[in-house]
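K.L.:
The structure that follows is given in the form of structure tokens.
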2 protein chains.
Amino acid sequence: MKKISDSTISRLSKYYRTLGRLIAQKVKTVSSDEIAEIDGVTSAQVRKDLSFFGTFGKRGLGYSTADLQHNIGKILGLFKKWNVALVGVGNIGHALVDYQEFKKQGFEIKLLLDNDENKIGTKVGDLEIKSFSDAPTHLEDEKIQIAIVAVPANVAQKVVNSLTDAGVRAILNFAPLSLKVPDGVMIKNENMSIELEALSYFLTNRRK
Amino acid sequence: MKKISDSTISRLSKYYRTLGRLIAQKVKTVSSDEIAEIDGVTSAQVRKDLSFFGTFGKRGLGYSTADLQHNIGKILGLFKKWNVALVGVGNIGHALVDYQEFKKQGFEIKLLLDNDENKIGTKVGDLEIKSFSDAPTHLEDEKIQIAIVAVPANVAQKVVNSLTDAGVRAILNFAPLSLKVPDGVMIKNENMSIELEALSYFLTNRRK
């Protein structure tokens, strides 16, 4: 398979959601023009993104919303269940445990890790917070595939090193800095300021 | 000024961060190739994104990291201070109040609004939670320019309607659905599943 760019993958996530909304509105078929319009890209882009993965839809008839959503979900691996560990149970951590969307998409938080003696042994929802010093054992017991790192910036690299040493291959990082990982590991950064910066740009540049 | 795409703006946010890290490492000049490599885009893309806004750097000499960062920050409106209201003070809301990056980038949360009688009048950090039913007055008093909406999905559209009626022109939405806003208002959706889906794709498609 060709190397697919990150931006293609994040657009597929968008299309997947758009299709879900159309299905909820009982829309049966959709054109690349319509998807493009809703998601703010060109229709050529929509067709190109999909073409990496095969031929969907029929020329002149558009796409079946249900089939296309199913196919994109399969491409993204969304029908699998992923076991997720959350490292660092502060405010962001608590918010993420409650974030219903994760579970809906198949990302289930099965393990909470922290190094704060006052938190270890307490519960958030149904999950008990375990000690980060025993991370390798817990990661293995819970068959964790993805780790979400929500720890302070100054310890984030150390935490990520321990996780990759323990065999974690996919990490979502909330700490506001770039972290290094070995080959064969993917790390994505969640930066909540980026969308705000688009708003700042809009407010700065709009016509008065 | 030409219409600039959202993806250009979000790449500028990335370049801005990358330059900040280079400056911290005492790097004085950088080429578009180097920026491209760090941010996972092509160097042609970097040059094109910047070309919308003027001519930066010198042919063959690259960009001064400090000058380019300053210029991008100016384009994004980051040297202004933006007054932000947070609507819905649940777990995500608490996490956002504590999220240091916002303030660093000039986004200051000045107003907390909720409709829960048990929360109204209590404090988070230095800020007292005010009643959403008095939103128009509070928004005006605090000169709010941007609202962050972190309320349950089933009330999100109603909340957004009240905010735009009260004159808010820029909204960051954490509720997991698409909301409608009038012309002249920008809404951005923060969806924390999207990065996880890229990880899911990676784990699904990597060579074993």
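K.L.:
Once you list every other residue whose beta carbon is under 14 Å from the beta carbon of B:Ile23, what net charge do they have if Lys and Arg are +1 and Asp and Glu are -1?
P.N.:
Details: positive: B:Arg17, B:Arg21, B:Lys26, B:Lys28; negative: B:Glu34, B:Asp67.
Summing Lys/Arg as +1 and Asp/Glu as -1 gives +2.
K.L.:
Can I ask one more? Measuring from label point to label point, each 7 Å out along Cα→Cβ, what is the B:Asp141 to B:Asp126 span in nm?
P.N.:
It works out to 1.7 nm between the two label points.
K.L.:
Determine Rg/Rh for the protein assembly as shown; Rg is computed over alpha-carbon atoms and Rh is the Kirkwood hydrodynamic estimate from the same atoms. Write out the running numbers ahead of the final one.
P.N.:
On the way: Rg = 21.7 Å, Rh = 22.8 Å.
Taking Rh as the inverse mean 1/r over Cα pairs, Rg/Rh reads 0.95.
K.L.:
So what is the relative contact order for the range B:130-208, in percent, with contacts set as C-alpha pairs under 8 Å and at least six apart?
P.N.:
Details: 80 pairs, mean separation 19.6, N = 79.
It comes to 25 percent, rounded to a whole number.
K.L.:
I've got another one for you. Place the label 7 angstrom along Cα→C-beta at B:Ala166 and in each other copy, then list the distances from the first to the rest in nm, shortest first.
P.N.:
The answer, with the shortest distance listed first, is 4.4 nm.
K.L.:
In nm, to one decimal, how far is the modelled label at B:Glu108 from the one at B:Asn154, with both set 7 Å along Cα→Cβ?
P.N.:
Between B:Glu108 and B:Asn154, the simple spin-label model gives 3.8 nm.
K.L.:
Oh, and also: Taking chain A as a Gaussian network, where each spring joins two C-alpha atoms under 10 Å apart, which residue of A:Ala85, A:Ala198, A:Ala153 fluctuates the most?
P.N.:
A:Ala198
K.L.:
Here is a further query. As an exercise, use a Förster radius of 35 Å and the Cβ-Cβ distance of B:Asp6 and A:Asn118 to find the FRET efficiency, rounded to the nearest 0.05. Write down the numbers at each step before the final one.
P.N.:
On the way: r = 43 Å, r/R0 = 1.22.
It comes out at approximately 0.25.
K.L.:
Enter the mean number of other protein chain beta carbons within 10 Å of the beta carbon of each residue in A:5-12, as an integer. The partial results should precede the final answer.
P.N.:
Numbers: counts 3, 6, 6, 1, 9, 8, 2, 4.
Mean shielding count: 5.
K.L.:
Expressed as a whole number of Å, what is the distance separating the alpha-carbon centroids of the range A:131-160 and the range B:62-87?
P.N.:
The distance from the Cα centre of the range B:62-87 to that of the range A:131-160 comes to 33 Å.
K.L.:
Which residues in the range A:75-110 have a backbone N closer than 11 Å to a point placed 7 Å from the Cα of A:Ala166 along the Cα-to-Cβ line?
P.N.:
Once the point is set 7 Å along Cα→Cβ of A:Ala166, A:85-88 turn out to lie under 11 Å by backbone N, inside the range A:75-110.
K.L.:
Give me the distance in nm between label points sitting 7 Å out from Cα along the Cα-to-Cβ direction at B:Glu37 and B:Lys58, one decimal.
P.N.:
In this crude spin-label approximation the distance works out to 2.3 nm.
K.L.:
For chain A, modelled as a Gaussian network with Cα springs under 10 Å, which listed residue fluctuates most, A:Phe52, A:Phe174, A:Phe102?
P.N.:
Maximum among the listed residues: A:Phe52.
K.L.:
Considering chain B as a Gaussian network with a 10 Å cut-off on Cα pairs, which listed residue, B:Lys130, B:Lys81, B:Lys58, attains the greatest mean-square fluctuation?
P.N.:
B:Lys58
K.L.:
Which FRET efficiency value, to the nearest 0.05, is calculated for A:Asp67 and A:Leu203 with the Förster distance at 56 angstrom and r the Cβ-Cβ distance? Write out the running numbers ahead of the final one.
P.N.:
On the way: r = 41 Å, r/R0 = 0.72.
Working from the Cβ atoms, E equals 0.85.
K.L.:
Find the relative contact order for chain A and round it to a whole percent, using C-alpha pairs within less than 8 Å whose residues are 6+ positions apart.
P.N.:
On the way: 275 pairs, mean separation 28.0, N = 208.
Reported relative contact order: 13 percent.
K.L.:
Could you work out the mean count of beta carbons from other protein chains within 10 Å of each residue's beta carbon in A:87-94? Show your work: numbers first, answer last.
P.N.:
Values: counts 0, 0, 0, 3, 9, 8, 2, 5.
Taking all residues of A:87-94 together, the mean is 3.
K.L.:
Could you work out, residue by residue across B:100-107, how many beta carbons of other chains sit within 10 Å of that residue's beta carbon, and then give the average as an integer? Mind dumping the intermediate values first?
P.N.:
Values: counts 3, 9, 3, 1, 2, 7, 4, 6.
So the per-residue partner count for this stretch is 4.
K.L.:
In terms of the Cα gyration tensor, with a ≥ b ≥ c the square roots of its eigenvalues, is the range A:56-208 rounded because a/c is under 1.5, prolate because a/b exceeds b/c, or oblate?
P.N.:
Numbers: a/c = 1.98, a/b = 1.36, b/c = 1.45.
Note, shape of the range A:56-208 comes out oblate.
We did not get these values from a lab; they are worked out from the coordinates using the rules stated. Predicted model only: the values in this text are computed from it and were never measured. For neighbour counting, all protein chains shown are included, and Cβ atoms are generated from backbone atoms with ideal geometry for every residue, glycine included.
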